[in-house]
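Trainee: Take this structure, written in structure tokens, and hold onto it; I'll ask about it next.
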Amino acid sequence: MQTETKGKSLVDQPAWKALQTHAEQLRGRHLRELFAEDASRGERMTAEAEGIFLDYSKNRATDETLKLLLELAQQVGLRERTEAMFKGEKINITENRAVLHVALRAPKSESIVVDGEDVVPEVHKVLDKMAGFAERVRSGEWKGHTGKRIKNVINVGIGGSDLGPVMAYEALKHYSQRDMTFRFVSNVDGTDFAEAVQDLDAEETMFLIASKTFTTLETMTNAHSARDWALSKLGDEKAVAKHFVAISTNAKEVAKFGIDTENMFGFWDWVGGRYSMDSAIGLSTMIAIGPDGFREMLAGFHAMDVHFRTAPLEKNLPVLLGLLTVWYTEFFDAQTVAILPYEQYLKRFPAYLQQLTMESNGKHVTLGGTKVIYQTGPIYWGEPGTNGQHSFYQLIHQGTRLIPCDFIGFAKTLNPLGRHHDMLMANVFAQAEALAFGKTADQVKAEGTPDWLVPHRVFEGNRPSNTILADKLTPALLGKLVALYEHSVFTQGVVWNIDSFDQWGVELGKVLATRILGELESKEEPKLEHDSSTTSLIHRYRKNK
Ligand code: F6P
């Protein structure tokens, strides 16, 4: 079993040691100086690929930093690990699985073999089946049990079976079929389901039960409630066939639930939940934007895959983003990364990235099982601009923490409206500028500020950000953007030498919840064997429920 990367632990890699020394030297330097010393910095420290432009010049980094980070990438074997992923090797070692979300968007002409079988034809078979189904629903050819057209689609899933679909639906709403309603039920809180269906006609409503395992408690509970709701309105078991489809890898459980496996769209254990929005899990996206739009999105994903696999590391967008995240996490003690899309349609993008990044890289042991002696995955969070500016940006500008930010903006809006878009984009550039350069005490004084107020009005600056610009938000662009972050997460995981594709950390809570559920529901007073806090909370709940 692999315990170290290329025979060395991360902290013993020559580039890591060099980065430690380099970070000490750079810590006292201000972005104001770095820009003043180097007039070409703003143009040079950029990279562009597949219509995505990355300005990383406002980072607390120099050419030397980049050189060392790129050396580190080489020393930890980023290229080899990337090839291993693309070739279908079982790099998810704790689950003994290949990691092949890249196969979901591979063109028909490619071949990727897992366990002796080329998976690409299977991928396209499912895509074709999805396309046929999506067309029938969109055109109204698919009728509900009583002969009415399906107008409402409700995706029932959680985690990767929800966050990707809801993010993609919101992101691509502009391209969606507007006479249909799309909703997403994820929370086991009954309110989520109740609110989703309260104004819908069951005769016109279809449920997509999306669950890789088809055993997830929340999803199965919601799926059964959906079934009860539909049958109570439609009054006939046979209605299930017209109003329920399943998206899963588990045909046995799907059949047990009562969904005909003819109405099941499959995927494979080599697709991680958080990497599945472009598999059958994206069926709601395909129904919303149509098969052509979905294929455009896949082509976008694929274009970024090819870029990641083949572009030189120094021009490689996911590599640059990933390495800069490692840089701040390790050497500047940054705890978080803020994702700030200046595009209303990307309002769920930060939430989507939270699972992608944190379920992937929130790990405390190396591939070999030894406890890491460095930090791993940072906390990702964010909100669309400009709303965040009137909420948490204060802390980013003047608080005591270093918070690297990713600003995401577009040259064109999908909804031109007076000066709105220029105003929006002016804010992107202004925020990144203010964070980097701040405002000195002298500048504040020169404005006539009384001495006592000066410290409060000083902006230290030297706060790093990336600016990501593209032309406009399209299905293809969304695919590129998601793949950019997927591969950035991969890059980080390779440096940290962790398994970015398992998620054992979600298990304990699930087991305990099942046990406690029995205790909450039992008619007789249960014999509780918890700690005193949990015991008294359970007693209080039982008394008051
Ligand atoms: O939260 C754990 C998790 O396993 C995620 O990784 C996954 O996306 C989610 O649950 C949902 O799982 P499933 O698609 O099997 O219902």
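Trainee: Over segment 8-89, average the accessible area per residue using a 1.4 Å probe and give it in Å², no decimals.
Mentor: On a per-residue basis, 45 Å².
Trainee: In addition: Can you work out the accessible area per residue across segment 196-321, with the rest of the protein chains kept in place, probe 1.4 Å, in square angstrom?
Mentor: For segment 196-321, the solvent-accessible area averages 34 Å² per residue.
Trainee: Give the cross-link partners of Lys233 among the aspartates and glutamates, using a straight C-alpha distance below 18 Å as the criterion and excluding same-chain residues fewer than 8 apart.
Mentor: Correct list for Lys233: Glu195, Asp199, Asp201, Glu203, Glu204.
Trainee: Would you check the accessible area of Leu512, probe 1.4 Å, heavy atoms only, in square angstrom rounded to 10?
Mentor: Solvent-accessible area, nearest 10 Å²: 70 Å².
Trainee: A further question on this structure: Considering only DSSP states other than H, G, I, E and B, which GluC sites (Glu not before Pro) in segment 188-242 qualify as loop sites with at most 13 other Cβ atoms within 10 Å?
Mentor: none
Trainee: If r is the Cβ-Cβ distance from Glu433 to Lys173 and R0 is 30 Å, what FRET efficiency results, to the nearest 0.05?
Mentor: Working from the Cβ atoms, E equals 0.45.
Trainee: I've got another one for you. In the structure displayed, which of Lys87/Lys363; Lys148/Lys480; Lys173/Lys363 lie more than 30 Å apart, Cα to Cα?
Mentor: Lys148/Lys480; Lys173/Lys363
Trainee: Would you please put 150-159, 287-296 in order of how densely packed they are, using the mean number of other Cβ atoms within 10 angstrom per residue and starting with the highest?
Mentor: Descending mean neighbour count gives 150-159, 287-296.
Trainee: Please go through the residue pairs Lys129/Lys151; Lys108/Lys256; Lys242/Lys347; Lys90/Lys242; Lys151/Lys510 and name each one whose alpha carbons sit more than 28 Å apart in this structure.
Mentor: Lys108/Lys256; Lys242/Lys347; Lys90/Lys242; Lys151/Lys510
Trainee: Check cross-link reach from Lys543 to the lysines: straight Cα distance under 16 Å, and skip same-chain residues fewer than eight apart.
Mentor: Those lysines meeting the cut-off are Lys523, Lys527.
Trainee: While we're looking at this one, here's another question. Take the alpha carbon atoms of segment 128-180, find their center, do the same for segment 358-434, and report the distance between the two centers in whole angstrom.
Mentor: Segment 128-180 and segment 358-434 have Cα centres spaced 30 Å from each other.
Trainee: Moving to a separate point now. Using Cα pairs under 8 angstrom and six or more residues apart, how large is the relative contact order of the chain, in percent?
Mentor: With pairs under 8 Å counted, the relative contact order is 19 percent.
Trainee: Same structure again: Over the residues of segment 350-412, compute the C-alpha Rg and express it relative to 2.2 N^0.38 Å.
Mentor: The reported ratio for this selection is 1.44.
Trainee: Report the Rg/Rh value for the chain, based on alpha-carbon coordinates and the Kirkwood definition of Rh.
Mentor: On the Cα set of the chain, Rg over Rh gives 0.99.
Trainee: If the cut-off is 12 Å between C-alpha atoms, which aspartates and glutamates fall inside it for Lys252, apart from same-chain ones fewer than 8 positions away?
Mentor: Straight-line reach from Lys252, under 12 Å: Asp260.
Trainee: While we're here: So for segment 376-523, considering every pair of alpha-carbon atoms, how many percent are separated by more than 23 Å?
Mentor: 59
Trainee: On to the next question. Once whole DSSP H runs in the chain are found, which of them have Cα atoms spread over 15 Å or more along the helix axis and a mean Kyte-Doolittle score of at least 0.0?
Mentor: 283-310, 317-331, 420-437, 475-496, 507-521
Trainee: From the P(r) of segment 454-545, could you give the percentage of C-alpha pairs in the tail past 15 Å?
Mentor: 78
Trainee: Using a 1.4 Å probe and counting only protein heavy atoms, arrange Phe429, Phe501 so the residue with the most accessible area comes first.
Mentor: Phe429, Phe501
Trainee: Something else about it: Pull out the extension gain between Gln389 and Phe332, defined as 0.36 nm times the separation in residues minus the alpha carbon to alpha carbon distance; nm, one decimal.
Mentor: Here the segment from Gln389 to Phe332 would lengthen by 18.1 nm.
Trainee: Starting from the residue with the highest accessible area, list Arg60, Arg178, Arg274 in decreasing order, probe 1.4 Å.
Mentor: Arg178, Arg60, Arg274
Trainee: For the chain, give the share of DSSP beta bridges that are antiparallel, in percent and rounded to the nearest 5; count only bridges with both residues there.
Mentor: 35
Trainee: Counting only protein heavy atoms, what percent of the accessible surface of the chain is carbon or sulfur at a 1.4 Å probe?
Mentor: 52
Trainee: With the contact rule set at Cα under 8 Å and sequence spacing of 6 or more, what percent relative contact order holds for segment 77-172?
Mentor: 12
Trainee: Points 7 angstrom from Cα along the Cβ direction at Glu525 and Arg457: gap in nanometres?
Mentor: 6.6
Trainee: I would also like to ask the following. How much accessible area per residue does segment 124-179 have, counting only protein heavy atoms and a probe of 1.4 Å, in square angstrom?
Mentor: Accessible area per residue, segment 124-179: 37 Å².
The values are calculated or read from the model by the stated rules, or taken from the named source; none is laboratory data. Everything numeric in this text was worked out from a predicted model, so none of it was measured. Using ideal geometry, Cβ is built from the backbone for each residue, glycine included, and neighbour counts are taken over all protein chains shown. Accessible surface areas use protein heavy atoms only, side chains included; no ligands, DNA or RNA. Shrake-Rupley method; radii C 1.70, N 1.55, O 1.52, S 1.80 Å.
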